[in-house]
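Colleague: Just dropping this structure here.
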Amino acid sequence: MMSEISDNLARVHSKIEAACSRSGRPVDSVKLIAVSKTFSQERVQDASIAGQLLFGENKIQEAESKILASPDSLEWHFIGTLQRNKVRRVLQVFDVIHSIDSLRLASHVNEVARELGICPKVFLQVNIGKEESKGGFQVPFVDDELTMLLQLDQLEILGLMCIPPACSDAEQARLWFVKLRNLRDTLEGAFNVCLPYLSMGMSGDFEVAVEEGSTHVRVGSSIFGNR
Ligand SMILES: *Cc1c(COP(=O)(O)O)cnc(C)c1O
(Lines give C-alpha, C1' and ligand atoms only; values in the text may rest on other atoms or scores of the structure.)
Protein backbone atom coordinates (compact mmCIF):
# COMPACT_ATOMS: atom_id res chain seq x y z
CA MET A 1 0.00 0.00 0.00
CA MET A 2 2.80 2.35 0.94
CA SER A 3 4.63 1.88 -2.35
CA GLU A 4 1.40 2.04 -4.32
CA ILE A 5 0.48 5.42 -2.81
CA SER A 6 4.01 6.64 -3.32
CA ASP A 7 3.95 5.56 -7.01
CA ASN A 8 0.53 7.15 -7.48
CA LEU A 9 1.72 10.43 -5.98
CA ALA A 10 4.75 10.43 -8.27
CA ARG A 11 2.50 9.79 -11.27
CA VAL A 12 0.10 12.60 -10.34
CA HIS A 13 3.01 14.98 -9.75
CA SER A 14 4.53 14.22 -13.13
CA LYS A 15 1.17 14.81 -14.83
CA ILE A 16 0.86 18.15 -13.04
CA GLU A 17 4.39 19.05 -14.14
CA ALA A 18 3.61 18.13 -17.74
CA ALA A 19 0.40 20.20 -17.67
CA CYS A 20 2.34 23.12 -16.21
CA SER A 21 4.95 22.97 -18.91
CA ARG A 22 2.29 22.70 -21.66
CA SER A 23 0.70 25.88 -20.36
CA GLY A 24 3.90 27.73 -19.51
CA ARG A 25 3.28 27.78 -15.77
CA PRO A 26 5.85 27.25 -13.04
CA VAL A 27 5.32 23.87 -11.41
CA ASP A 28 5.22 25.36 -7.91
CA SER A 29 2.12 27.37 -8.86
CA VAL A 30 -0.03 24.26 -8.33
CA LYS A 31 -0.75 22.65 -4.97
CA LEU A 32 -1.80 19.02 -4.83
CA ILE A 33 -4.42 18.28 -2.17
CA ALA A 34 -4.64 14.55 -1.48
CA VAL A 35 -8.31 13.83 -0.79
CA SER A 36 -8.23 11.14 1.88
CA LYS A 37 -11.98 10.89 2.59
CA THR A 38 -13.07 7.29 3.29
CA PHE A 39 -9.42 6.23 3.67
CA SER A 40 -7.85 5.52 7.03
CA GLN A 41 -5.33 7.50 9.01
CA GLU A 42 -2.75 4.82 8.07
CA ARG A 43 -3.16 5.72 4.39
CA VAL A 44 -2.72 9.39 5.28
CA GLN A 45 0.43 8.44 7.09
CA ASP A 46 1.67 6.44 4.07
CA ALA A 47 1.13 9.47 1.86
CA SER A 48 2.83 11.80 4.31
CA ILE A 49 5.88 9.52 4.50
CA ALA A 50 5.95 9.75 0.69
CA GLY A 51 6.15 13.53 1.09
CA GLN A 52 2.51 14.58 0.75
CA LEU A 53 1.63 17.25 3.33
CA LEU A 54 -1.73 18.64 2.10
CA PHE A 55 -4.90 16.64 2.63
CA GLY A 56 -8.56 17.18 1.87
CA GLU A 57 -11.58 15.84 3.76
CA ASN A 58 -15.30 16.42 3.29
CA LYS A 59 -16.86 15.34 6.62
CA ILE A 60 -15.93 16.69 10.01
CA GLN A 61 -17.00 13.53 11.88
CA GLU A 62 -14.62 11.42 9.81
CA ALA A 63 -11.81 13.95 9.54
CA GLU A 64 -11.47 15.01 13.17
CA SER A 65 -9.90 11.80 14.45
CA LYS A 66 -7.56 11.53 11.46
CA ILE A 67 -6.41 15.10 11.89
CA LEU A 68 -5.89 14.77 15.64
CA ALA A 69 -3.88 11.56 15.10
CA SER A 70 -1.63 13.21 12.49
CA PRO A 71 1.46 15.36 13.01
CA ASP A 72 1.03 19.14 12.99
CA SER A 73 3.15 19.34 9.85
CA LEU A 74 0.14 18.30 7.76
CA GLU A 75 -2.24 20.91 6.34
CA TRP A 76 -5.95 20.10 6.15
CA HIS A 77 -8.43 21.47 3.63
CA PHE A 78 -12.19 21.15 4.14
CA ILE A 79 -13.85 20.44 0.78
CA GLY A 80 -17.33 19.18 1.71
CA THR A 81 -20.69 20.82 2.28
CA LEU A 82 -20.36 22.83 5.46
CA GLN A 83 -23.35 22.87 7.81
CA ARG A 84 -23.72 25.84 10.12
CA ASN A 85 -23.71 23.68 13.23
CA LYS A 86 -20.34 22.18 12.21
CA VAL A 87 -18.55 25.46 11.56
CA ARG A 88 -16.84 25.71 14.94
CA ARG A 89 -15.46 22.18 14.79
CA VAL A 90 -14.26 22.67 11.22
CA LEU A 91 -12.53 25.95 12.07
CA GLN A 92 -10.79 24.33 15.01
CA VAL A 93 -9.01 21.65 12.96
CA PHE A 94 -8.89 22.73 9.31
CA ASP A 95 -6.47 25.22 7.76
CA VAL A 96 -8.48 26.12 4.66
CA ILE A 97 -12.19 25.84 3.73
CA HIS A 98 -12.95 25.38 0.01
CA SER A 99 -16.72 25.25 0.32
CA ILE A 100 -18.12 28.61 1.43
CA ASP A 101 -21.29 28.37 -0.65
CA SER A 102 -23.52 31.24 0.51
CA LEU A 103 -23.35 34.69 2.05
CA ARG A 104 -25.28 33.36 5.03
CA LEU A 105 -22.68 30.66 5.67
CA ALA A 106 -19.84 33.13 5.13
CA SER A 107 -21.30 35.54 7.72
CA HIS A 108 -21.64 32.72 10.22
CA VAL A 109 -18.07 31.52 9.63
CA ASN A 110 -16.94 35.11 10.07
CA GLU A 111 -18.71 35.37 13.45
CA VAL A 112 -17.37 32.07 14.76
CA ALA A 113 -13.87 32.93 13.54
CA ARG A 114 -14.07 36.21 15.44
CA GLU A 115 -15.00 34.34 18.62
CA LEU A 116 -12.08 31.97 18.08
CA GLY A 117 -9.74 34.84 17.26
CA ILE A 118 -8.68 33.41 13.90
CA CYS A 119 -8.72 34.56 10.27
CA PRO A 120 -9.51 31.46 8.22
CA LYS A 121 -8.48 31.12 4.58
CA VAL A 122 -11.50 30.34 2.44
CA PHE A 123 -12.56 29.73 -1.14
CA LEU A 124 -15.97 30.74 -2.46
CA GLN A 125 -17.63 27.76 -4.08
CA VAL A 126 -19.37 28.68 -7.31
CA ASN A 127 -22.16 26.63 -8.87
CA ILE A 128 -20.53 27.06 -12.24
CA GLY A 129 -22.83 24.66 -14.11
CA LYS A 130 -25.98 26.16 -12.53
CA GLU A 131 -27.01 22.70 -11.34
CA GLU A 132 -30.07 22.25 -9.10
CA SER A 133 -28.33 19.47 -7.21
CA LYS A 134 -25.27 21.49 -6.27
CA GLY A 135 -24.61 24.24 -3.80
CA GLY A 136 -22.53 27.30 -4.36
CA PHE A 137 -22.83 30.92 -5.36
CA GLN A 138 -24.90 31.34 -8.49
CA VAL A 139 -23.40 32.94 -11.56
CA PRO A 140 -23.78 35.92 -12.07
CA PHE A 141 -25.22 36.64 -8.59
CA VAL A 142 -21.92 35.94 -6.98
CA ASP A 143 -20.62 39.37 -7.94
CA ASP A 144 -23.57 41.17 -6.26
CA GLU A 145 -22.71 39.31 -3.09
CA LEU A 146 -19.00 39.93 -3.27
CA THR A 147 -19.31 43.45 -1.84
CA MET A 148 -20.83 42.01 1.31
CA LEU A 149 -18.41 39.09 1.42
CA LEU A 150 -15.48 41.49 1.26
CA GLN A 151 -16.79 43.23 4.38
CA LEU A 152 -16.45 40.04 6.44
CA ASP A 153 -13.14 41.09 7.87
CA GLN A 154 -12.17 37.84 9.61
CA LEU A 155 -12.16 35.93 6.32
CA GLU A 156 -9.17 35.72 4.03
CA ILE A 157 -10.79 35.01 0.67
CA LEU A 158 -8.24 33.12 -1.43
CA GLY A 159 -10.30 32.72 -4.58
CA LEU A 160 -12.94 30.56 -6.22
CA MET A 161 -13.69 26.85 -6.19
CA CYS A 162 -15.92 24.73 -8.41
CA ILE A 163 -17.11 21.18 -8.92
CA PRO A 164 -18.18 21.15 -12.57
CA PRO A 165 -21.08 19.06 -13.89
CA ALA A 166 -20.19 15.37 -14.24
CA CYS A 167 -18.86 14.56 -17.67
CA SER A 168 -17.51 11.51 -19.45
CA ASP A 169 -14.18 12.93 -20.52
CA ALA A 170 -11.87 15.54 -19.14
CA GLU A 171 -12.02 17.79 -22.19
CA GLN A 172 -15.68 18.51 -21.45
CA ALA A 173 -14.67 19.97 -18.11
CA ARG A 174 -12.41 22.52 -19.78
CA LEU A 175 -15.18 24.99 -20.53
CA TRP A 176 -16.23 25.07 -16.86
CA PHE A 177 -12.68 25.69 -15.73
CA VAL A 178 -12.37 28.51 -18.26
CA LYS A 179 -15.68 29.94 -17.01
CA LEU A 180 -14.47 29.92 -13.41
CA ARG A 181 -11.17 31.60 -14.36
CA ASN A 182 -13.00 34.23 -16.42
CA LEU A 183 -15.38 34.88 -13.53
CA ARG A 184 -12.40 35.35 -11.22
CA ASP A 185 -10.80 37.79 -13.70
CA THR A 186 -14.05 39.73 -14.02
CA LEU A 187 -14.53 39.99 -10.26
CA GLU A 188 -10.94 41.08 -9.72
CA GLY A 189 -11.40 43.88 -12.21
CA ALA A 190 -14.85 44.96 -11.04
CA PHE A 191 -14.09 44.96 -7.32
CA ASN A 192 -10.42 45.84 -7.42
CA VAL A 193 -9.54 42.81 -5.30
CA CYS A 194 -7.04 40.01 -5.61
CA LEU A 195 -8.47 36.49 -5.88
CA PRO A 196 -5.25 34.66 -6.68
CA TYR A 197 -6.29 31.05 -6.29
CA LEU A 198 -8.55 28.66 -8.19
CA SER A 199 -9.52 25.33 -6.59
CA MET A 200 -10.52 23.12 -9.49
CA GLY A 201 -9.72 19.69 -10.90
CA MET A 202 -10.16 16.19 -9.46
CA SER A 203 -8.79 12.76 -10.45
CA GLY A 204 -10.57 12.69 -13.80
CA ASP A 205 -9.69 16.17 -14.99
CA PHE A 206 -6.88 17.75 -12.96
CA GLU A 207 -4.51 18.01 -15.94
CA VAL A 208 -7.05 20.05 -17.90
CA ALA A 209 -7.72 22.14 -14.78
CA VAL A 210 -4.00 22.93 -14.46
CA GLU A 211 -3.86 23.91 -18.13
CA GLU A 212 -6.69 26.36 -17.40
CA GLY A 213 -5.10 27.93 -14.36
CA SER A 214 -5.98 25.77 -11.35
CA THR A 215 -3.78 26.44 -8.33
CA HIS A 216 -5.29 23.77 -6.05
CA VAL A 217 -6.17 20.36 -7.49
CA ARG A 218 -8.17 18.03 -5.24
CA VAL A 219 -7.20 14.48 -6.10
CA GLY A 220 -8.48 11.40 -4.25
CA SER A 221 -8.86 8.14 -6.15
CA SER A 222 -5.79 8.63 -8.36
CA ILE A 223 -3.71 8.64 -5.17
CA PHE A 224 -5.52 6.35 -2.73
CA GLY A 225 -7.44 4.08 -5.13
CA ASN A 226 -11.14 3.70 -5.80
CA ARG A 227 -13.54 4.38 -2.97
C1 LIG B 1 -14.07 13.50 -3.35
C2 LIG B 1 -13.78 14.87 -3.83
C3 LIG B 1 -12.65 15.12 -4.63
C4 LIG B 1 -11.71 14.04 -5.11
O5 LIG B 1 -12.35 13.22 -6.05
P6 LIG B 1 -11.54 12.10 -6.87
O7 LIG B 1 -12.35 11.90 -8.08
O8 LIG B 1 -11.46 10.90 -6.00
O9 LIG B 1 -10.20 12.66 -7.18
C10 LIG B 1 -12.42 16.43 -5.00
N11 LIG B 1 -13.22 17.45 -4.61
C12 LIG B 1 -14.32 17.23 -3.85
C13 LIG B 1 -15.15 18.40 -3.45
C14 LIG B 1 -14.62 15.95 -3.44
O15 LIG B 1 -15.71 15.75 -2.68
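The values are calculated or read from the model by the stated rules, or taken from the named source; none is laboratory data. Values in this document were obtained by computation on a predicted structure and should not be read as measured data. FYI the Cβ positions are ideal-geometry reconstructions off the backbone, even for glycines, and counts take in every protein chain you see. Calculation scope for accessible area: heavy atoms of the full protein, side chains included, ligands and nucleic acids excluded. Shrake-Rupley method; radii C 1.70, N 1.55, O 1.52, S 1.80 Å.
Colleague: Kindly indicate whether Ile157 is hydrophobic (A, V, I, L, M, F, W, C), open to solvent by less than 20 Å² (accessible area, probe 1.4 Å) and free of Cβ contacts under 8 Å to residues at least 60 places away in the same chain. Steps first, please.
Modeller: Values: hydrophobic (A, V, I, L, M, F, W, C): yes; open to solvent by less than 20 Å² (accessible area, probe 1.4 Å): no; free of Cβ contacts under 8 Å to residues at least 60 places away in the same chain: yes.
No.
Colleague: Please work out if Ser23 is under 18 Å from Leu198 (Cβ atoms) and open to solvent by 40 Å² or more (accessible area, probe 1.4 Å). Before the answer, list the steps.
Modeller: Working: under 18 Å from Leu198 (Cβ atoms): yes; open to solvent by 40 Å² or more (accessible area, probe 1.4 Å): yes.
Yes; evaluated as a whole, the condition is true for this residue.
Colleague: Kindly indicate the residue of region 198-213 that is out of contact with any Phe, Trp or Tyr (no Cβ under 6 Å at 6 or more places or on another chain) and closer than 16 Å to Ser99 by Cα and also nearest to the ligand (Cβ to nearest atom) among those meeting that condition. Show your work before the answer.
Modeller: Narrowing region 198-213 to residues out of contact with any Phe, Trp or Tyr (no Cβ under 6 Å at 6 or more places or on another chain): 198, 201-208, 210-211, 213.
Going one step further and asking which of them are closer than 16 Å to Ser99 by Cα, we end up with 198, 201-202.
Values: Leu198: 13, Gly201: 8, Met202: 4 Å.
Checking each candidate, the answer is Met202.
Colleague: Additional query: If Arg218 satisfies all but one of (1) near the ligand (Cβ under 8 Å from one of its atoms); (2) in contact with a helix residue (DSSP H, G or I) (Cβ under 9 Å, 6 or more places away or on another chain); (3) open to solvent by 20 Å² or more (accessible area, probe 1.4 Å), what's the number of the condition it fails?
Modeller: Single failed check for Arg218: (3).
Colleague: Let me ask something else. For region 61-102, which residues satisfy the criterion of being open to solvent by 70 Å² or more (accessible area, probe 1.4 Å) and among the basic types (Lys, Arg)? Explain how you work it out, then say what you get.
Modeller: Residues of region 61-102 open to solvent by 70 Å² or more (accessible area, probe 1.4 Å): 61, 65, 68, 71-73, 81, 83-85, 88-89, 92, 95.
Correct list: Arg84, Arg88, Arg89.
Colleague: Anything in region 86-102 that is closer than 19 Å to Ile67 by Cβ and not in a loop (DSSP other than H, G, I, E, B)? List them, or say none. Break it down into steps so the answer makes sense when it comes.
Modeller: Taking region 86-102 and keeping what is closer than 19 Å to Ile67 by Cβ, we get 86-99.
The answer is Lys86, Val87, Arg88, Arg89, Val90, Leu91, Gln92, Val93, Val96, Ile97, His98, Ser99.
Colleague: If you scan region 160-206, which residues turn out to be β-branched (Val, Ile, Thr) and either part of a loop (DSSP other than H, G, I, E, B) or open to solvent by less than 50 Å² (accessible area, probe 1.4 Å) (or both)?
Modeller: Keep residues of region 160-206 that are β-branched (Val, Ile, Thr), which gives 163, 178, 186, 193.
Across region 160-206, the qualifying residues are Ile163, Val178, Val193.
Colleague: It is to be established whether one or more residues within region 87-94 are touching a Lys or Arg at 6+ places or on another chain (Cβ under 9 Å) and in contact (Cβ under 8 Å) with a residue 24 or more places away in the chain.
Modeller: In the first step, residues of region 87-94 are kept if they are touching a Lys or Arg at 6+ places or on another chain (Cβ under 9 Å); the result is none.
The answer is no, given that none of the residues of region 87-94 is touching a Lys or Arg at 6+ places or on another chain (Cβ under 9 Å) and in contact (Cβ under 8 Å) with a residue 24 or more places away in the chain.
Colleague: A further question follows. Would you mention how many residues in region 31-60 are within 15 Å of the ligand (Cβ to nearest atom) and either in a loop (DSSP other than H, G, I, E, B) or surrounded by fewer than 16 Cβ atoms within 10 Å (Cβ to Cβ) (or both)?
Modeller: Within region 31-60, residues that are within 15 Å of the ligand (Cβ to nearest atom) and either in a loop (DSSP other than H, G, I, E, B) or surrounded by fewer than 16 Cβ atoms within 10 Å (Cβ to Cβ) (or both) number 7.
Colleague: Given the options Ala18, Ala10, Ala63, Ala47, name the one that is touching a Leu at 6+ places or on another chain (Cβ under 7 Å) and either at pLDDT 95 or above or farther than 23 Å from Val208 by Cβ (or both). Spell out the reasoning first.
Modeller: Values: Ala18 fails: touching a Leu at 6+ places or on another chain (Cβ under 7 Å); Ala10 fails: touching a Leu at 6+ places or on another chain (Cβ under 7 Å); Ala63 fails: touching a Leu at 6+ places or on another chain (Cβ under 7 Å).
Step by step, each of Ala18, Ala10, Ala63, Ala47 is checked, and only Ala47 is touching a Leu at 6+ places or on another chain (Cβ under 7 Å) and either at pLDDT 95 or above or farther than 23 Å from Val208 by Cβ (or both).
Colleague: Could you list, ordered by first residue, the pairs with Cβ atoms under 6 Å in which the first is in region 65-85 and of a type in the set (Phe, Trp, Tyr) and the second is open to solvent by less than 70 Å² (accessible area, probe 1.4 Å) and within 15 Å of the ligand (Cβ to nearest atom), at least 6 apart or interchain?
Modeller: Trp76/Phe55; Trp76/Phe94; Phe78/Val90; Phe78/Phe94; Phe78/Ile97
Colleague: Go through region 103-134 and give me each residue that's open to solvent by less than 40 Å² (accessible area, probe 1.4 Å), among the small types (Gly, Ala, Ser) and not in a helix (DSSP H, G or I).
Modeller: Gly129
Colleague: Determine, yes or no, whether Leu150 is hydrophobic (A, V, I, L, M, F, W, C), more than 14 Å from the ligand (Cβ to nearest atom) and at negative phi. Write out each step before concluding.
Modeller: Working: hydrophobic (A, V, I, L, M, F, W, C): yes; more than 14 Å from the ligand (Cβ to nearest atom): yes; at negative phi: yes.
Here the answer is yes, as Leu150 does meet what is asked.
Colleague: Do we have Ser133 as within 14 Å of the ligand (Cβ to nearest atom), of a type in the set (S, T, N, Q) and touching a Leu at 6+ places or on another chain (Cβ under 8 Å) here? First the steps, then the outcome.
Modeller: On the way: within 14 Å of the ligand (Cβ to nearest atom): yes; of a type in the set (S, T, N, Q): yes; touching a Leu at 6+ places or on another chain (Cβ under 8 Å): no.
The answer is no for Ser133.
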